[in-house]
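Below: the structure, in structure tokens.
The values are calculated or read from the model by the stated rules, or taken from the named source; none is laboratory data. Given the structure is predicted, the values throughout are model-derived calculations rather than measurements. Cβ placement follows ideal geometry from the backbone for every residue including glycine, while neighbour counts extend to all protein chains displayed.
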Amino acid sequence: MNKYEIKGFDIDLYHETLDNGLEVYIIPKNNSKNIYATLTTRFSSNDIEFIPIDSNKFVKVPLGIAHFLEHQAFEQENGKPIFELFSEYSANVNAATSKNYTNYYFNSIGNLKENLTLLLDFVQSPYFTDESVEKEKGIIIQELKMNENNPYRVAENIAAKNLFVNNNMKYPIIGTIESINKTTKKDLYKCYNTFYHPANMFLVVSGNIDPIETINIIKENQSSKKFAPFKKIIKKEIIEPDNVAKEKEVIEMDISNPIVNISYKVNISKIKGISINNLYRWCHLFLAANLSLTSELNEKLINEGILTNNIDYYIERAGNHFIIDISGETNKIDQFIQEIDKQLKKLETSENDFYRKKKCMISNNIMGSDSIFSLNNFVSFQVLYENKFDIDRIQYIKDMKYKTYMNLIKKLDLSNKTVTIVKPKNV
Amino acid sequence: MNYKKYEMGPYNLHIIKNDKFKTNAIEIKIKTITKNKEALYIQLLSDLLIKSTNKYKNSRQLEIASEELYNAVYSLSSKVSGKYKILDLSISFLNEKYADENIVEDVFKFIHEILFNPDVHNNAFDENRLNQVKATLKDDLKFNLDIPSFLGKKKLNNIMNPEILDICDMIDDIDDISGEELYNYYLELLKRGIVDIFVCGDVDENKIKENVTKYIEINTIKRKGVSHYIKQDKFRKRSRSTIIEKDVSQSSLNIGYKLNTMTNFETQYTSYVYNYILGSGMNSLLFKDVREKHSLCYTINSTFARLYNIMYVTAGIDSKNYKKTLSLVKKNIKKISEGKFDEKAIEEAKEFFKAGNLSILDSQFGIIGRFVSIEYLDQDSFDKRGKEIDKVTKEDVMKLAKKIHLDTIVLVKGSDTSE
């Protein structure tokens, strides 16, 4: 097991790759009370066409299957619900599926061995039956309907559908009522056997733990299990053009204020010499400088009554593209879109803003290191996107020069976007 | 962790010293009992005072100032705590080791600017700024009311406790409030409100006291407050139900229960155990029966509004399953009052409670929150809570169950009737 110091955090990080391929990261923080563990597989809602482990032909599985599988992973052969087993050790357990990964996690006070073993055991012992699959459909459909009640979620799904031509990110994570109803036990096992191999997963444990004790628990557990040799997963190659599938869509819902979502599709494969996580960071700074509460634009939109609340924004990774997603509630829809578009396309950040935001970025990193949840996320996201952890990111941020930053930002191509408008229904 | 309370006359200062965090946290609470439109005043003040100050003329400048303080994270909000409404300023910032030696005083200057140096001309808040805040508030309230679960719960409260004013019902009054009227209320609030200042972190007590004296400009001595708790005294013999139609995909079922006044022990401990068994998590009766066994929902929860002696059960369902869900909820509630539940759940609830009690120690605002409950709600300390919970028995849970009376059911009915 290798030990690294995360510089500027006063925190150590331990790493080991087990014989079965599972990557383990351990972050002890002994002045915390909590323990937090996340077990992540590189299997997401995007993965619907691939060669299964026991075959050499491509198969297509129903939409939303990664999410369905996440629900079904909680089914156990002995019939005792997983939630109950974790409850015996006062742990909260849950899982999440995204367009980039699926993960399972628990947090607890103490009971490291019991909970960690439970986590590894339940994720690594699938038990799907026709009955359990049928039963889950009703629950998942209710989850889908819950999402449909939220206008922001609805706008997000429409934007995704219109942004992508080929990329499976165009589909909702949860799938559709039709695809949920179509999902079978066989589909689930096919996905499980292919994507839940330890060599396609990583485990991050943070909090009030001893690193040696932790790795020993994990090793003992893993060495007692047999896994088929890992076969490199072949997913259907998708070439996504830079243009969007549809530039605008307007829908109506039973709401009071119109919601506008502007999504830019930015090709990042042409921006060389920088890691995806670092590029993400500087793009985020660019958006913060131009759209956050400290931006002149936000102030202007509020003063002119175009917006009543601040602008919302985030960036999502989508293969060779970054998706810059901006939304707001406004009655002056066209003006809002024009103002945002005009501002971003200037590709500007003042030197003052850059250095101030950079200082904030460093502060945020230090503040985040107080939380075992943030620390766990720091590590997980870097491992997910880059297969390694940057132990000296604070120095990297400190060293970033305005000129270098501006050179990067000037390369962003914001010419492709889709606009989604959710309007109140006329009664 | 070392806690000290200083009764300083116009306010109480609570210092919770510990060296576990890289940040310090400050929370200033000004509480008062509100009548009529006053709840709306406090809401508007919480929105307005962070839009501009005498020194920082807009929220942009204010935000830049906070970024200069190593990105101090601040918020001003209006909170409800039983009979009281609270204007609450929270700020978290890197401590001296990670920022600089002036950070504590600089943060107090910043707080002073927000709370005591407002953007006022001729004894009135600026009307333009106020209009922006009003527009935002109206939009936010409308947005909330568009969400079926929020709408359902609000309607439930309206029916169960019509005397408790909800600012959602005051949307039409918002425009009538002038900058002068609001400023007068602000002055009155500083005079009348009961003020508590909580500081948590690796701080020098003398330095904090000095800064508080210098920057917290409140001089009027306050009388002691009253209990925050609201008792229920009108119980229905037969429950009442209401249906609101809304064009949404999923219906929202909201069930409200009134309780005979809980004892302090029940409020702090027994109700936690009861709720754990009934519907607070994935190991609860409702989750296992309504969701896992009958696949009727994705979310189902029970929650206690302890200060009001009220319990809610909420679920997102298809409206065609309304009666079935309701009867399953009733069945499970009855089970508890008859003692027909696994006693192991009581022990698990206790362990979860203790874990949660310790877990709070990982968050500075969590720690402050506990001391607020001790100060405001007559609750027990961390240590005592860890022990008292063990005293809850099955009989206690069944006794509490008998205090719970079904009162009102609200279904926000969506367009989900197709089979």
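The table for this structure:
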quantity	calculated
Condition met for residue A:111 (more than 22 Å from the chain's Cα centre (by Cα), on the phi > 0 side of the Ramachandran plot and of a type outside the set (Phe, Trp, Tyr))	yes
Verdict on residue A:117 being of a type in the set (Ser, Thr, Tyr), within 22 Å of residue A:372 (Cα to Cα) and either modelled with pLDDT under 95 or surrounded by 17 or more Cβ atoms within 10 Å (Cβ to Cβ) (or both)	no
Qualifying residue in segment A:356-376 (condition: outside any helix (DSSP H, G or I) and charged (D, E, K, R))	yes
Residue B:71 being farther than 24 Å from residue B:371 by Cβ, outside any helix (DSSP H, G or I) and modelled with pLDDT of 95 or more	yes
Set A:115, A:107, A:103: member being more than 9 Å from every other protein chain (Cβ to nearest Cβ), of a type outside the set (Asp, Glu) and part of a strand (DSSP E or B)	A:103
Lone qualifier among A:44, A:55 - being part of a loop (DSSP other than H, G, I, E, B) and over 23 Å from the mean Cα position of the chain (by Cα)	A:55
Residue among B:295, B:271 that alone is touching a Lys or Arg at 6+ places or on another chain (Cβ under 7 Å), modelled with pLDDT under 95 and buried (at least 18 other Cβ atoms within 10 Å of the Cβ)	B:295
Unmet requirement for residue B:175, which otherwise passes all of (1) touching a residue at least 12 places away in the same chain (Cβ under 8 Å); (2) surrounded by 12 or more Cβ atoms within 10 Å (Cβ to Cβ); (3) among the charged types (D, E, K, R)	(2)
Matching helices (runs of 4 or more DSSP H) fully within segment B:334-419 where at least 3 residues are within 12 Å of another protein chain (Cβ to nearest Cβ)	B:344-359, B:364-377
Qualifying residue in segment B:171-179 (condition: in contact with a Pro (Cβ under 9 Å, 6 or more places away or on another chain) and hydroxyl-bearing (Ser, Thr, Tyr))	no
Residues of segment B:20-41 satisfying the condition of being in a loop (DSSP other than H, G, I, E, B) and in contact with a Gly (Cβ under 8 Å, 6 or more places away or on another chain)	B:21
Candidate set from segment A:392-427 (those that are assigned to a loop (DSSP other than H, G, I, E, B) and among the aliphatic types (A, V, I, L, M)); member that is surrounded by the fewest Cβ atoms within 10 Å (Cβ to Cβ)	A:427
Exclusive hit being within 11 Å of chain A (Cβ to nearest Cβ), small (Gly, Ala, Ser) and not in a helix (DSSP H, G or I), set B:256, B:281	B:281
Qualifying residue in segment B:125-138 (condition: of a type outside the set (Gly, Ala, Ser) and more than 14 Å from chain A (Cβ to nearest Cβ))	yes
Qualifying positions in segment A:40-91 - surrounded by fewer than 19 Cβ atoms within 10 Å (Cβ to Cβ) and within 14 Å of another protein chain (Cβ to nearest Cβ)	A:76, A:79, A:80, A:81, A:84, A:88
Conditions (1) touching a strand residue (DSSP E or B) at 6+ places or on another chain (Cβ under 8 Å); (2) in a loop (DSSP other than H, G, I, E, B): number failed by residue A:379	(2)
Qualifying residue in segment A:136-155 (condition: hydrophobic (A, V, I, L, M, F, W, C) and more than 14 Å from chain B (Cβ to nearest Cβ))	no
Positions within segment A:100-152 being under 28 Å from residue B:248 (Cα atoms), touching a residue at least 40 places away in the same chain (Cβ under 8 Å) and not β-branched (Val, Ile, Thr), in sequence order	A:136, A:137, A:151, A:152
Qualifying residue in segment B:76-90 (condition: under 20 Å from residue A:292 (Cβ atoms), touching a helix residue (DSSP H, G or I) at 6+ places or on another chain (Cβ under 6 Å) and more than 10 Å from chain A (Cβ to nearest Cβ))	yes
Residue match in segment A:140-156 (condition: more than 25 Å from the chain's Cα centre (by Cα), not β-branched (Val, Ile, Thr) and not assigned by TED's automatic domain parsing to the domain that holds residue A:376)	no
Boolean, residue B:153 is at the interface with chain A (Cβ under 10 Å from one of its Cβ atoms) and either in a helix (DSSP H, G or I) or within 17 Å of residue A:307 (Cα to Cα) (or both)	no
Single match in A:322, A:389 (criterion: in contact with a His (Cβ under 9 Å, 6 or more places away or on another chain) and not in a helix (DSSP H, G or I))	A:389
Segment A:364-376, residues that are without any contact (Cβ under 8 Å) to a residue 12 or more places away in the chain and within 22 Å of residue A:93 (Cβ to Cβ)	A:371, A:374
Criterion: assigned to a helix (DSSP H, G or I), charged (D, E, K, R) and within 14 Å of chain B (Cβ to nearest Cβ) - qualifying residue of A:353, A:334	A:353
Verdict on residue B:145 being within 14 Å of another protein chain (Cβ to nearest Cβ) and either within 19 Å of the chain's Cα centre (by Cα) or more than 30 Å from residue B:299 (Cα to Cα) (or both)	yes
Check on residue A:303, polar (S, T, N, Q), more than 25 Å from residue A:391 (Cα to Cα), within 14 Å of another protein chain (Cβ to nearest Cβ) and touching a residue at least 12 places away in the same chain (Cβ under 8 Å)	no
Count - residues of segment B:21-56 that are out of contact with any Asp or Glu (no Cβ under 7 Å at 6 or more places or on another chain), charged (D, E, K, R) and in contact (Cβ under 8 Å) with a residue 40 or more places away in the chain	4
Segment A:20-39, residues that are surrounded by 19 or more Cβ atoms within 10 Å (Cβ to Cβ) and closer than 18 Å to residue A:192 by Cβ	A:22, A:39
Residue list for segment A:28-39, filter: more than 17 Å from residue A:73 (Cα to Cα), among the polar types (S, T, N, Q) and either more than 14 Å from every other protein chain (Cβ to nearest Cβ) or touching a Gly at 6+ places or on another chain (Cβ under 9 Å) (or both)	A:30, A:32, A:34
